[in-house]
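Laboratory data are not the source of any read-out in this text; all were calculated from the coordinates shown. Fair warning: this is a prediction, and the values are worked out from it, not measured in the lab. Please note: Cβ atoms are built from the backbone with ideal geometry, for glycine as well, and neighbour counts cover all protein chains shown.
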Amino acid sequence: MTIDALENLVRVHQLKREHPSNAEFEGLLRSGQHRLRDAENAALSDESRFDLAYNAAHALALAALRWHGYRSDRRYLVFQCLQHTLALPAEQWRVLDNAHRKRNLAEYEGVLDLDASLISALLRVAKEIEGRVTELETPEP
């Protein structure tokens, strides 16, 4: 993992350094896991499954960033940092970038153009993030 890249983001005021919190890490992990399980429920609408999977991925990605002692107010940056916090390949965080753009269109313009392949890819990447985050040791209180 390239902590130097995260430090560069601190220098340009894109990230903030903040001591990790065990309670916050565990809460983000739990939130992400619950949302991910709910997103797998095929009985829900595509819109609900997308929203749940997207927010699960964000909570888990934020848990990884916080574990390393950083915080960001920008959702897209939390996803982009995955290559540094969890060594997630670029093609996987690009799925999250695509989902982020679709989420913003839905939230701010009322346009939600979903297909089953995006939801499937989003679930697959969120599960990969979950697996990598659960391998991290709980930060010291």
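Phi-derived couplings, Karplus 6.51 cos²θ - 1.76 cosθ + 1.60 at θ = phi - 60°, listed residue by residue for segment 65-75: 5, 5, 4, 7, x, 10, 9, 9, 8, 10, 4 Hz, with x used for Gly and Pro.
Note on the chain: dipole from Cβ charges, positive end direction compared against HIS13, TYR108, ALA59; the farthest Cα belongs to HIS13.
Magnitude of the Cβ-charge dipole of the chain, K/R +1 and D/E -1, about the Cα centre, nearest 20 debye?
Numbers: 18 positive and 22 negative charges, 45 e Å.
Using Cβ point charges on Lys, Arg, Asp and Glu, the chain gives about 220 debye.
Extent along the principal axes, Cα only, for segment 49-141: 42, 24, 21 Å, with the longest axis given first. Residues whose amide H comes within less than 5 Å of that of TYR70, counting only those at least five positions distant or on another chain, are GLU18 (H built at 1.01 Å from N in the peptide plane). Taking Cα atoms only, the orientation of helix 90-109 departs from the longest principal axis of the chain by about 60 degrees. The sum of -39500 (n - 2.57) across all DSSP H runs of n ≥ 4, divided by the residue count of the chain, sets its helix-only mean residue ellipticity at 222 nm to -22500 deg cm²/dmol. Of TYR70, TYR108, the sequence from fewest to most neighbouring Cβ atoms within 10 angstrom is TYR108, TYR70.
Projected label points at ALA43 and ASN98, each 7 Å from Cα along the beta carbon direction, are separated by 3.0 nanometres. Net length available on complete extension from ALA87 to ALA23 is 20.7 nm, with 0.36 nm assigned per residue and the Cα-Cα distance removed.
Note on GLU137 and ASP113: their simple-model spin labels are 4.8 nm apart, each label 7 Å out from Cα toward Cβ.
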